[in-house]
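One structure is given below, encoded as structure tokens.
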Amino acid sequence: MIEFNLEKGLKGIAQTMVNEENSAERFAKPMPPAFATPMLVSLMDLAAINAVKKNLPEGFISVASKISITHLAATPLGMTVTADATLVDIFKNRLTFQVSAFDEAEKIGEGTVERYIIDIEKFTKKMRDRKKVREVDF
């Protein structure tokens with residue numbers, strides 16, 4: 001088994017400006033012109049990625065497996081959202097992060113993100129092999 005240079009407490013951040021591209025209106029109409037929940041999930045997940053990516057060996061990445069967040073407040077267009085993630089648990093290749101997000105006024109989200117460390121080459125091969133099996137079946 002490969003050893004990973006990880007320890008609890010590693011932190012990552014991700015930030016974005018709220019605009020038309022990441023607003024709720026992009027996903028459904030009518031919706032308020034506010035930061036969309038799917039984009040909040042994505043930003044929190046990116047903060048988790050950023051917390052550990054420098055500590056993973058060449059050829060390894062982490063992939064999301066479970067995300068559970070609460071969107072606490074709406075953020076209007078033009079404001080900045082900052083997400084942070086803290087690595088709180090490591091079990092073999094499973095990583096659990098506590099995540100939160102803030103705009104310039106208040107906390108807008110909180111929750112957990114679970115990611116697994118994978119060998120990207122092996123993972124990609126296995127994924128492509130699954131597609132080949134499906135193509136043969138049809």
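What the table shows:
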read-out: Charge dipole (the chain, unit charges on Cβ, about Cα centre) - positive-most of PHE35, PHE123, THR16; value: PHE123
read-out: Accessible-area order (highest first, 1.4 angstrom probe) of the listed residues ARG130, ARG115, ARG94; value: ARG130, ARG94, ARG115
read-out: FRET efficiency for TYR116 and THR82, using Cβ-Cβ distance with R0 set to 30 Å, rounded to 0.05; value: 0.75
read-out: Nearest-10 value in Å² for the accessible area of PHE4, using the 1.4 Å probe; value: 40
read-out: Extension gain (nm, one decimal) between ALA105 and ARG130, 0.36 nm per residue minus Cα-Cα; value: 4.4 nm
read-out: Within the range 1-42: backbone nitrogen closer than 12 Å to the LYS53 label point (7 Å, Cα to C-beta); value: 12-15
read-out: The chain: relative contact order as a whole-number percent, Cα under 8 Å and 6+ apart; value: 27
read-out: Relative contact order (%) - the range 58-99, alpha-carbon pairs under 8 angstrom, separation at least six; value: 24
read-out: Charge dipole (debye, nearest 20) of the range 13-84; +1 at Cβ of Lys and Arg, -1 at Cβ of Asp and Glu; value: 120
read-out: Per-pair calculated FRET efficiency, R0 = 22 Å: ARG26 and ASN93 via Cβ, rounded to 0.05; value: 0.05
read-out: Heavy-atom accessible surface of the range 1-137: percent carbon and sulfur, 1.4 Å; value: 54
read-out: Nearest-20 debye value, the chain charge dipole, Cβ charges on Lys, Arg, Asp, Glu; value: 680
read-out: 10 Å-binned pair-distance histogram of the range 1-65 (Cα, whole percent); value: 19, 37, 24, 15, 4, 0
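The values are calculated or read from the model by the stated rules, or taken from the named source; none is laboratory data. The model shown is predicted, which means the values in this text are computed figures rather than measured ones. Cβ sites come from the backbone with ideal geometry, for glycine too, and all protein chains shown count toward neighbours. In case anyone asks, the SASA skips ligands and DNA or RNA and just uses the protein heavy atoms, side chains included. Shrake-Rupley method; radii C 1.70, N 1.55, O 1.52, S 1.80 Å.
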